[in-house]
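Here the structure comes first, spelled out in structure tokens, and everything after it is commentary.
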Amino acid sequence: MALVFLGAALGVSAREALVLAFPAGHGVPWAVLGINVTGSFALGLLLDALARGGPDRGRRRAARLSLGTGLIGGYTTYSALATDAAGLIGAGSPGPGLAYALATLLAGGVATWLGMAAATLVRRPGAGPAEGAGPRRGRPRRSLRAQITGRTRRSPSGRTRARSPARCRTRAH
Amino acid sequence: MTPLAFVLMAAAGGAGAVCRLVLDGVVRARTTGAIPWGTVLINLSGSFLLGLLTGLVGSRVLPEALLLVLGTGFLGGYTTYSTASFETVRLLQQRRWAAGVANGLGVLVTATAAAGLGLWLGAVV
């Protein structure tokens with residue numbers, strides 16, 4: 001709890017500092033957009049890198065809580081995104097409002113995906129599962145593409161049942 | 001902004017994140033399925049509340065200082081975009097297309113509508 005509290009306090013402070021430094025232009029909150037996108041990248045990188053390192057215990061769990069749930073969770077914000085978008089739409093600027101919201105969704109999603117992909121560069125490919133005994137030796141390494149898409153083998157129909165790199169349920173971050 | 005206001009905002013942000021942690025844990029213990037209902041509930045409720053707070057400050061019912069501490073601080077720490085995005089991408093990677101679209105686009109639309117409702121309520125009160 002203290003990890004989350006302190007991390008989030010820092011994250012919130014960083015966000016406000018950036019918002020003050022980069023005010024909205026034509027009503028569009030560019031700072032929040034940048035924050036949410038960079039935060040999404042950071043969380044994708046963090047969570048996948050942690051999951052590849054081993055089980056969610058001890059220092060890894062502390063890092064996830066302080067940096068993920070706390071720092072990055074406090075840094076990014078959904079409420080400001082929704083409120084600013086609603087405000088733009090309600091004030092007669094539906095175009096910018098919708099564009100801002102959708103741009104956040106798309107850029108944020110790509111950023112998350114890139115962060116996850118970057119985690120494969122930080123971690124040894126084929127390194128250990130999220131839970132269990134740690135790195136598996138003697139297992140064939142998954143290709144980079146397989147790690148990114150979560151797909152390994154193809155079924156006879158050609159569709160795969162994707163397996164995400166981390167098998168554990170996602171947690172509040 | 002005074003240093004005190006900044007510290008209060010930061011502390012409120014910490015408290016918001018702790019509330020997120022606890023509430024998400026409670027919801028996850030009580031729900032099943034692919035969609036991360038904890039994050040959804042947190043982001044929707046936080047968006048509505050920030051809309052309401054913003055509306056009330058805009059109509060001078062509440063002081064602007066509260067917007068910094070409770071809005072930017074608490075609700076900013078309470079809600080999170082990064083987790084929502086991570087969970088959406090994870091769902092799409094698992095080829096759960098409907099759940100991914102619902103968690104991504106669906107929640108965004110709903111949260112914006114909720115914030116809009118809050119803004120409106122705050123203005124008419």
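The values are calculated or read from the model by the stated rules, or taken from the named source; none is laboratory data. This one's a predicted model, so the numbers in the text were calculated from it and none came from an experiment. Neighbour counts run over all protein chains shown; Cβ positions are idealised from the backbone, glycine included. Heavy atoms of the whole protein, side chains included, go into the accessibility calculation; ligands, DNA and RNA do not. Shrake-Rupley method; radii C 1.70, N 1.55, O 1.52, S 1.80 Å.
Which one is nearest to residue A:83 (Cα to Cα), of the residues in region B:34-57 that are at pLDDT 95 or above and surrounded by fewer than 19 Cβ atoms within 10 Å (Cβ to Cβ)? Among those that are at pLDDT 95 or above and surrounded by fewer than 19 Cβ atoms within 10 Å (Cβ to Cβ), it is B:45. Within region B:66-101, how many residues are under 19 Å from the mean Cα position of the chain (by Cα), open to solvent by 40 Å² or more (accessible area, probe 1.4 Å) and not β-branched (Val, Ile, Thr)? The total comes to 4. Taking the criterion of being farther than 16 Å from residue B:1 by Cβ, surrounded by fewer than 24 Cβ atoms within 10 Å (Cβ to Cβ) and within 7 Å of another protein chain (Cβ to nearest Cβ), the only residue of region A:6-17 that qualifies is A:6.
Taking residues in region A:94-107 that are closer than 17 Å to residue B:87 by Cα, and partners anywhere that are of a type in the set (Ser, Thr, Tyr), not one pair has Cβ atoms closer than 6 Å while being at least 6 places apart or on different chains. Each residue in region B:95-108 was checked for being part of a helix (DSSP H, G or I) and at the interface with chain A (Cβ under 7 Å from one of its Cβ atoms), and 3 of them qualify. Tallying residues that are aromatic (Phe, Trp, Tyr) and open to solvent by 30 Å² or more (accessible area, probe 1.4 Å) within region A:44-79 yields 1. A count restricted to region B:66-77 and to residues that are more than 7 Å from chain A (Cβ to nearest Cβ) and not hydrophobic (A, V, I, L, M, F, W, C) stands at 1.
Looking across B:3, B:63, one residue alone is out of contact with any Leu (no Cβ under 7 Å at 6 or more places or on another chain), within 21 Å of residue A:75 (Cβ to Cβ) and more than 7 Å from chain A (Cβ to nearest Cβ). It is B:3. Within region B:32-57, residues that are facing chain A (nearest Cβ under 9 Å) and without any contact (Cβ under 8 Å) to a residue 24 or more places away in the chain have Cβ atoms under 8 Å from residues that are surrounded by fewer than 24 Cβ atoms within 10 Å (Cβ to Cβ) and among the β-branched types (Val, Ile, Thr) in these pairs: B:38/B:26; B:38/B:27; B:38/B:31, counting only partners at least 6 apart in sequence or on another chain.
Residue pairs whose Cβ atoms lie under 7 Å apart, sitting 6 or more positions apart in sequence or on different chains, and linking a residue in region B:108-125 that is within 9 Å of residue B:47 (Cα to Cα) to a partner that is open to solvent by less than 30 Å² (accessible area, probe 1.4 Å) and outside any helix (DSSP H, G or I), are B:111/A:78.
Among the residues of region A:40-50, none qualifies, meaning not one is touching a residue at least 24 places away in the same chain (Cβ under 8 Å), under 25 Å from residue A:88 (Cβ atoms) and more than 11 Å from chain B (Cβ to nearest Cβ).
Using the structure shown, decide if residue B:92 is under 23 Å from residue A:94 (Cα atoms), assigned to a helix (DSSP H, G or I) and at pLDDT 95 or above. The answer is no for residue B:92. Looking only at region A:30-43, residues that are out of contact with any Lys or Arg (no Cβ under 9 Å at 6 or more places or on another chain), buried (at least 18 other Cβ atoms within 10 Å of the Cβ) and not polar (S, T, N, Q) come to 5 in all. Among the conditions (1) in a loop (DSSP other than H, G, I, E, B); (2) within 21 Å of residue B:13 (Cα to Cα); (3) not hydrophobic (A, V, I, L, M, F, W, C), residue A:92 misses just one, which is (2). Residue selection: residue A:99 satisfies the criterion of being out of contact with any helix residue (DSSP H, G or I) (no Cβ under 7 Å at 6 or more places or on another chain) and at pLDDT 95 or above. Of all the criteria given as (1) at negative phi; (2) open to solvent by 10 Å² or more (accessible area, probe 1.4 Å); (3) small (Gly, Ala, Ser), the one not satisfied by residue A:27 is (1).
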